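We did not get these values from a lab; they are worked out from the coordinates using the rules stated. These figures come from a predicted structure and were not determined experimentally. Cβ sites come from the backbone with ideal geometry, for glycine too, and all protein chains shown count toward neighbours.
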Amino acid sequence: MGISARMNPEPLISESSSNARNSAARLAAVQALYQIKGNDEPVALVIEEYRQHRLGKPLDGVELVRPDSLLFERILKGVAEHAATVQEMLASALNKDGQQKTVPTEPLLNAILSCGALELMTHQDVDAPIIIADYLNITHAFYDQGEYKLVNAVLDRIKGMTRS
């Protein structure tokens with residue numbers, strides 16, 4: 001089961017910047033995590049499927065940025081390895097000011113938040129605003145009802161929990 005963002009991709013040269021490749025890896029990781037959760041598929045199987053059939057392949061005849069496959073894999077394996085910690089961080093970030101809120105169970109929104117939280121927690125070498133901006137762009141691509149505000153608030157709180 002695949003999902004695609006409501007974007008009108010423009011043709012891109014195959015030798016893209018590392019920032020563009022990282023952004024593409026984050027989008028692919030969100031899509032793959034959505035697939036993993038929706039179909040209860042093993043992470044390793046989905047990573048291999050994406051490497052062979054999706055990453056950097058043209059979409060509707062349009063050349064896309066080739067995602068950084070190492071970052072893609074690190075995000076997916078990290079979310080799987082640290083699933084409990086990630087969900088606890090999300091719950092903590094949502095329970096600001098003592099208000100009990102539950103982690104969104106909608107699979108795509110949960111995938112966006114989980115990937116973003118994992119990166120903020122484990123990829124300390126990447127500036128937090130870069131990570132947050134990419135996940136906000138992903139959120140904008142799939143949602144238009146203000147979900148980006150939730151993603152921004154939650155990831156900003158997680159940034160505060162995981163970085164000095």
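Over the chain, dividing the summed -39,500 (n - 2.57) contributions of all DSSP H runs of at least 4 residues by the number of residues returns a 222 nm mean residue ellipticity of -21000 deg cm²/dmol. Specify the longest stretch of the chain that does not include any exposed loop site, a site being one of the GluC sites (Glu not before Pro) with a non-H, G, I, E, B DSSP assignment and at most 16 other Cβ atoms within 10 Å. It runs 64-164. For the chain, the longest principal axis of the C-alpha atoms and the axis of helix 128-142 are separated by about 70°.
Okay, which of the stretch 85-129 sit inside 15 Å, backbone N to the point 7 Å along the Cα-Cβ direction of Asp40? Under cut-off, by backbone N: nothing.
At a Cα cut-off below 19 Å, give the aspartates and glutamates reachable from Lys57, other chains included and same-chain residues fewer than 8 away excluded. Within reach: Glu10, Glu15, Glu48, Glu49, Asp68, Glu73. For the chain, report the translational diffusion coefficient in µm²/s to the nearest whole number, using Stokes-Einstein at 4 °C, 1.567 mPa s, and a Kirkwood Rh over Cα pairs. Reported coefficient: 81 µm²/s.
Spacing of the modelled spin labels on Ala91 and His140, each 7 Å from Cα toward Cβ, amounts to 3.3 nm.
Computed from the Kirkwood radius of its Cα pairs, the Stokes-Einstein diffusion coefficient for the stretch 70-126 at 4 °C and 1.567 mPa s stands at 110 µm²/s.
When you restrict to C-alpha pairs under 8 Å that are six or more residues apart and normalise by the size of the stretch 16-108, the relative contact order lands at 34 percent.
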